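Quick note: the coordinates plus some simple rules give every number you see, no bench work behind them. None of the values given here were measured: they were computed from a predicted structure. In this analysis, Cβ positions are derived from the backbone assuming ideal geometry, glycine residues included, and neighbour counts consider all displayed protein chains.
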Amino acid sequence: MDFPYRNAGKPFPDRAPVLIGAVRDGVAAMAASHDLNPDRLVLGGRSMGGRMCSMAVAEGLPAAGLVLVCYPLHPPKKPQNLRVGHFGSIYVPCLFVSGDRDEFGMPEEFDTHLSAIAGPVTIVRLPGKRHDLKGCDELVCDAVEAWLADTFLT
């Protein structure tokens, strides 16, 4: 799904409460259109989109799991501005896929903070890749497919 600010052609995202509301609305619409309970859906996204999904789930949005590609642990060059306060309220299985040179969070930083998540966490690090994961679409898809199979089909 696209966030409303993108559909409106705005250059900057809305505030988190508006974005989280859009996630809630998008999940409700998807679940209804497929006659599913929302707690059967794995939610996620890339960078800010994944962050908003994780915040929505931490606030109580039902989900089976989270796929967080290039999760922005903090803004570049601002490691003191962590975006992890909600991690302790996440109880679903999570997959984090990131480059090991991502300026929004280095492996050591993730290793420090992901333990706050109550649900099981899987980390896939792509060697030599930054936040854009340029040229890694197939690797990302393979990681997600393998995680989904291991987590939900075994």
> How large is the Kirkwood hydrodynamic radius of the chain, in angstrom, based on all distinct alpha carbon pairs?
Replying inline: 15.9
>> What are the membrane-span-like helices in the chain by this rule: whole DSSP H runs, Cα extent along the axis at least 20 Å, mean Kyte-Doolittle hydropathy at least 0.0?
In response: 16-33, 137-152
>> On alpha carbon coordinates alone, what is the Rg over Rh value for region 112-154, Rh being the Kirkwood radius?
In response: 1.02
>> What distance in nm lies between label points placed 7 Å from Cα along the C-beta direction at residue 25 and residue 39?
In response: 2.6
>> Sort 74-83, 50-59 by packing, meaning the average of other beta carbons within 10 Å per residue, with the highest value first.
In response: 50-59, 74-83
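For 91, 71, 5, what ranking results if the residue with the fewest other Cβ atoms within 10 Å of its Cβ goes first?
Final ranking by Cβ density, sparse to dense: 91, 5, 71.
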> How much net charge surrounds residue 100 when only other residues with a Cβ under 15 Å from its Cβ are counted (Lys, Arg +1; Asp, Glu -1)?
Replying inline: -1
>> Shape verdict for region 77-154, please, from the Cα gyration tensor: rounded (a/c under 1.5), prolate (a/b greater than b/c) or oblate.
In response: oblate
> Taking amide hydrogens as modeled 1.01 Å from N in the peptide plane, which residues meet the under 5 Å criterion relative to residue 121, leaving out close sequence neighbours?
Replying inline: 94
